[in-house]
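Data first, discussion second: the structure below is written as structure tokens.
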Amino acid sequence: MIEAELKARVRDPEGVMQALEEAYGPGRPEVYQDTYYDDPAGRLMGGDRELRIRTVHSADDARTVLTYKGARVDEVSGSKPEAETRVDDAAAAHEIVRGLGFVPRIAFEKRCRNYSFQRSGRDLLATLVRVPEIDGTFVEVETLASAEDDLPAALAVVRSALEALGIEMDDLTTEQYTDAVAAVR
């Protein structure tokens, strides 16, 4: 599967949140604790790939997800093939990844508000994001594409969802949070 995602800087966070809430109901506030791993030589990140362990804290629970993202298949959007699975024990997941020779490269927190909805027959997730170390608010909208030939159609649906929120295409960015946080540190 390919994560068809677009991310934009938000000029009016309150207005976008209001539009999301009016259209899709109250969002789910969650805090993501992300740790990105790489081999000691930096070949994963150097090859535009990611190995991440994310623990998501919500009012109701905490869950941990192990994710591998391959290199971008679309430079304009930054969309990547993605494999993801939930793990029962976060500490064990970190231990396994370290035991395989990977080392933590960067860890940071994302404060998110998530909205799940459907558009044009696709499940979408819109997320308002604040990373304490980075100025500004971002919105990410994503869906899954079954293959590279499905990616243009999936991205068209994502674009239409962003436009419905008043996001201008000039505000899109492919800058990764990992790079932005590393630059600040």
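The values are calculated or read from the model by the stated rules, or taken from the named source; none is laboratory data. What you see is a predicted model; the values in this text were computed from it and never measured. Counting neighbours? That spans all protein chains shown, and the Cβs are built from the backbone with ideal geometry, glycine included.
A few remarks follow.
- SER146 vs. criteria under 21 Å from VAL65 (Cα atoms), touching a strand residue (DSSP E or B) at 6+ places or on another chain (Cβ under 7 Å), exposed (fewer than 14 other Cβ atoms within 10 Å of the Cβ) and polar (S, T, N, Q): no
- Of the candidates VAL73, VAL31, VAL16, VAL56, the single residue that is β-branched (Val, Ile, Thr) and either in contact with a Pro (Cβ under 7 Å, 6 or more places away or on another chain) or without any contact (Cβ under 8 Å) to a residue 12 or more places away in the chain (or both) is VAL73.
- Strands (runs of 3 or more DSSP E) contained entirely in the range 52-149, each with at least 1 residues that are in contact with a Gly (Cβ under 8 Å, 6 or more places away or on another chain) and at pLDDT 95 or above: 80-87, 103-119, 122-130
- Within the range 110-123, residues that are over 19 Å from GLU163 (Cβ atoms) and in contact (Cβ under 8 Å) with a residue 12 or more places away in the chain have Cβ atoms under 9 Å from residues that are assigned to a strand (DSSP E or B) and of a type in the set (Ser, Thr, Tyr) in these pairs: LYS110/TYR32; LYS110/THR127; ARG111/TYR32; CYS112/TYR32; CYS112/THR127; ARG113/THR127; ASN114/THR127, counting only partners at least 6 apart in sequence or on another chain.
- Hits in the range 161-185 (condition: under 18 Å from PRO132 (Cβ atoms) and small (Gly, Ala, Ser)): ALA180, ALA182, ALA183
- Check on GLU163, outside any loop (DSSP other than H, G, I, E, B), under 19 Å from THR55 (Cα atoms) and either at pLDDT 95 or above or out of contact with any strand residue (DSSP E or B) (no Cβ under 7 Å at 6 or more places or on another chain) (or both): no
- Any hit, the range 15-23, residues being over 23 Å from LEU144 (Cβ atoms) and in contact with a Lys or Arg (Cβ under 8 Å, 6 or more places away or on another chain): yes
- Test result for ASP48, free of Cβ contacts under 8 Å to residues at least 40 places away in the same chain and assigned to a loop (DSSP other than H, G, I, E, B): yes
- Answer from ALA23, ALA4 - the residue that is part of a helix (DSSP H, G or I) and touching a helix residue (DSSP H, G or I) at 6+ places or on another chain (Cβ under 9 Å): ALA23
- Some residue of the range 94-103 being aromatic (Phe, Trp, Tyr), farther than 20 Å from ARG28 by Cα, buried (at least 17 other Cβ atoms within 10 Å of the Cβ) and more than 12 Å from the chain's Cα centre (by Cα): yes
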